[in-house]
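Novice: Just dropping this structure here.
Computed from the coordinates by the stated procedures, all read-outs in this text should not be read as laboratory data. Please read these numbers as outputs of a predicted model, since none were measured by experiment. Backbone-built Cβ (ideal geometry, glycine too); neighbour counts: all protein chains shown.
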Amino acid sequence: MFGVIAPSLKPIWLSPAIEAAFQANRPCDTTVLASAEYHEPSLVFLVGTKTVLTDVDGVAKHLLGDPACALALAQVGDEQKLNGLLAAQGKSANRVAEVDGLNYSSGDKLSLGLYRVTQ
């Protein structure tokens, strides 16, 4: 029964949706994703082993370190904090995608934004 019901529960499967958004929005072949708080092994498996698992401060540093190519994943609720950290360097974040669903490991409902530095 699980095999019949589980595949139809698309909101639960965050990592494949994040990977699709990453692929659709990656500006460079060398783009690396930094993820704040969402640290599921499936994300690293799908997006790549260079994926940086960090917090909002680390995401801001990642975006500033490679403004042309970097992408970052953070909770939409942390967008103001992320923009505050970037503003200190004269930059801001642009949300290029949003993925909503449940983190199957913790049961938490998440609304995650995929961000780039505004050029």
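Novice: Round to a whole angstrom and tell me the spacing of the C-alpha centers of segment 86-100 and segment 21-56.
Specialist: The two parts, judged by their Cα centres, are 15 Å apart.
Novice: What residues qualify as long-range amide H neighbours of A97, i.e. H under 5 Å apart, gap of 5 or more or another chain, H built at 1.01 Å from N?
Specialist: Excluding prolines and chain starts, which carry no amide H, the hits are L114.
Novice: Rounded to the nearest 5, what is the percent of antiparallel bridges among the DSSP beta bridges in the chain? Working shown, then result.
Specialist: Values: 13 of 19 bridges.
Percentage antiparallel, nearest 5: 70.
Novice: Can I ask one more? Counting only helical runs of four or more DSSP H residues, what would the 222 nm mean residue ellipticity of the chain come to if each run contributes -39,500 (n - 2.57) and the total is spread over all its residues? It would help to have the intermediate numbers written out before the result.
Specialist: On the way: 5 runs with 42 residues, N = 119.
For the chain, the value works out to -9500 deg cm²/dmol.
Novice: Further question: Using only the alpha-carbon atoms of the chain as identical scatterers, what base-10 log of I(q)/I(0) does the Debye formula give at q = 0.10, 0.17, 0.20 Å⁻¹?
Specialist: -0.28, -0.77, -1.04
Novice: Quick one: which of 43-55, 69-81 comes out on top by average Cβ neighbours within 10 Å, and what's the full order, highest first? Numbers along the way, then the final one.
Specialist: On the way: 43-55: 15.8, 69-81: 19.1.
Averaged packing, sorted descending, gives the order 69-81, 43-55.
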